[in-house]
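Peer 1: Here you go, one structure.
The values are calculated or read from the model by the stated rules, or taken from the named source; none is laboratory data. Predicted model only: the values in this text are computed from it and were never measured. Please note: Cβ atoms are built from the backbone with ideal geometry, for glycine as well, and neighbour counts cover all protein chains shown. Ligands, DNA and RNA are excluded from the accessible area calculation, which covers all protein heavy atoms including side chains. Shrake-Rupley method; radii C 1.70, N 1.55, O 1.52, S 1.80 Å.
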Amino acid sequence: MDKDNKLAVLVSCFDWYEKRLIYIDNYLKKKGYSVLILTSDYSHVKKKKNTHLSAVANVKYIEVPEYRRNISGKRLYSHYIFAKRVEECIKKELPVLVYSLIPPNYLLHILKKQKENIRYKLIVDIIDLWPESFPYGKMDIFPFSYWRNLRNKNLAYVDLAVVECDLYRKQIDKYIDAKKIHTLYLIEKPLEFELMTDKDTVSNNKIVLGYLGSINSLIDITRICQVVSILQKVNPVKVEIVGCGEKSDELISTLKKSNCEVNYYGAVFDEKEKYRIFKKCNFGINIYKNNVQIGLTIKSIDYFKYGLPVLNTIQGDTQSIIDKYSAGININELSESEFIEKIQQTTFSREKIKQMFDELFNEEGIYKRLEFIDEVI
């Protein structure tokens, strides 16, 4: 395509069009760009082929190999094929701007190489840190160091870096000019139905905890069950689980061994149905292993969207948001007695938590928050 057409190519290996790229798409169109979106035809969450956006005229699906396990050679190979096929498209289309979600880290290596040949502007949007977000401990040894450096060593060549949270900013600012880094929290559509208010009551005969999202090796099942055991000293505990993953059976069986009532719904995608489940809860569970480098989780944002306070172990942005807006309890530094005291004596405002969500994550006002893109277009 002729560069006079101001073509922008947006890239995502995952199903993030409606979470992220739709807003970039619309913003660039308003600035006079034509936009092509490249995304994988495989759903990481559902573990099956997925082309539900085929009706969107400017979306092109990249065919990739399937995989079943989140941490596997087949998954890395699938991402490698994605990056190589994106490279072929970019060489054919000759864009003037590329906006790409990272990971996969190898994709950044490919985009940097083609930037040198085609001389487009490159914006990378870091939505996760690999391998830092995996619970393997020391990252300074091969192959983790090589994997990490595929991202870090190529950051110097990008024109702007967008990060999902401020924790990621601290991880990359030694590799790129800090003035080129912008934090853009995850963007969520507002709910199209009324939420319960602070006047509505949740039964206090039990403490009901909600768990939402992937059930994988990143969450700390042992710690979750320890929290449940502590809460059972106050009231009986029930856990409502919406999600799926390779650790589903382990989470459910371990909770039941703690004499905890468990309701497992599997993956639920309808917002009204999810809210029907979570409006009964007192808290959402956001408990991860200590060595996982995550600043903000999708599940915590969904809890906030429902006005649900969070039991949290994540450092960085989530910890700061909870402290600033009284949106839950950061449990890492609390003794058992301090934790019980907070549970018994602290009142959380669902309305104020929802107001915080609207301020930080609601799609309303998103185009004002995207004006940093004007620095390079």
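Peer 1: Using 0.36 nm times the number of residues separating residue 200 and residue 341, minus their current alpha carbon distance, what extension gain do you get?
Peer 2: 48.4 nm
Peer 1: Classify the chain as rounded, prolate or oblate from the Cα gyration tensor: take a ≥ b ≥ c as the square roots of its eigenvalues, call it rounded if a/c is under 1.5, otherwise prolate when a/b beats b/c and oblate if not.
Peer 2: Details: a/c = 1.91, a/b = 1.71, b/c = 1.12.
Cα axes put the chain in the prolate bin.
Peer 1: With label points built 7 Å along Cα→Cβ from the Cα atoms of residue 88 and residue 265, find their separation and express it in nm.
Peer 2: Output for this residue pair reads 4.1 nm.
Peer 1: If I stretch the segment between residue 351 and residue 374 completely, what's the gain in nm (0.36 nm per residue apart, minus their alpha carbon distance), one decimal?
Peer 2: Difference between extended and current length: 4.8 nm.
Peer 1: Another one. What accessible surface, in Å², does a 1.4 Å probe find on residue 44, ignoring ligands, DNA and RNA and rounding to the nearest 10?
Peer 2: 50 Å²
Peer 1: Could you tell me the largest-minus-smallest coordinate of the C-alpha atoms of segment 23-83 on each of the three principal axes, in descending order and whole angstroms?
Peer 2: Taking max minus min along each principal axis of the Cα atoms, segment 23-83 gives 41, 20, 16 Å.
Peer 1: Averaging over every viewing direction, what projected area does the convex hull of the Cα atoms of segment 73-184 cover, in nm²? Each step should come with its number before you reach the end.
Peer 2: Numbers: hull surface 28.0 nm².
Value for segment 73-184: 7.0 nm².
Peer 1: Specify which residue in the list 281, 94, 81 is farthest towards the positive end of the charge dipole of the chain, using unit charges on the beta carbon of Lys, Arg (+1) and Asp, Glu (-1), about the Cα centre.
Peer 2: The residue sitting most towards the positive pole is 81.
Peer 1: While we're looking at this one, here's another question. Which of the DSSP-defined H helices in the chain satisfy a minimum axial length of 24 Å, computed from C-alpha atoms, and a minimum mean Kyte-Doolittle hydropathy of -1.0?
Peer 2: Helices passing the filter in the chain: 73-93.
Peer 1: Filter the GluC sites (Glu not before Pro) in segment 21-116 down to the DSSP loop ones having no more than 12 other Cβ atoms within 10 Å, then list what survives.
Peer 2: Listed in order of number, the matching sites are 63.
Peer 1: Under a 1.4 Å probe, what is the accessible area of segment 1-89 per residue, stated in Å²?
Peer 2: Accessible area per residue, segment 1-89: 48 Å².
Peer 1: Shifting gears a bit: Cβ neighbours within 10 Å, averaged per peptide: list 345-351, 30-36 in order, most packed at the top.
Peer 2: Taking the mean over residues of other Cβ atoms within 10 Å, the ranking is 30-36, 345-351.
Peer 1: Here's something else I'd like to know. With N set to the residue count of segment 255-372, report its C-alpha Rg divided by 2.2 N^0.38 Å to two decimal places. Display every interim value, and only then the final one.
Peer 2: Numbers: Rg = 15.4 Å, N = 118, 2.2 N^0.38 = 13.5 Å.
After normalising by residue count via 2.2 N^0.38 Å, the value is 1.14.
Peer 1: Sticking with this structure for a sec: Based on the Cβ-Cβ distance from residue 222 to residue 117, what FRET efficiency comes out when R0 is 45 Å, to the nearest 0.05? Don't skip to the answer; put the middle values down first.
Peer 2: Numbers: r = 50 Å, r/R0 = 1.10.
The formula returns an efficiency of 0.35 here.
Peer 1: Starting from 0.36 nm per residue, how many nanometres of slack lie between residue 253 and residue 359 once their C-alpha separation is accounted for?
Peer 2: Taking residue 253 through residue 359 to full extension adds about 34.3 nm, to one decimal.
Peer 1: Using only the alpha carbons, work out the radius of gyration and Dmax of segment 1-124 in angstrom.
Peer 2: In Å, with Rg to one decimal and Dmax whole: 14.0, 43.
Peer 1: Roughly how many debye, to the nearest 20, is the charge dipole of the chain about its Cα centre, given +1 on each Lys and Arg Cβ, -1 on each Asp and Glu Cβ, and no other charges?
Peer 2: That gives the chain a dipole magnitude of about 900 debye.
Peer 1: Separate question: Among bridges DSSP assigns within the chain, what percent are antiparallel (round to 5)?
Peer 2: 5 percent
Peer 1: Given a 10 angstrom Cα cut-off, can you work out which residue in 84, 257, 60 is the most mobile in a GNM of the chain?
Peer 2: Sorting by GNM fluctuation, first place goes to 257.
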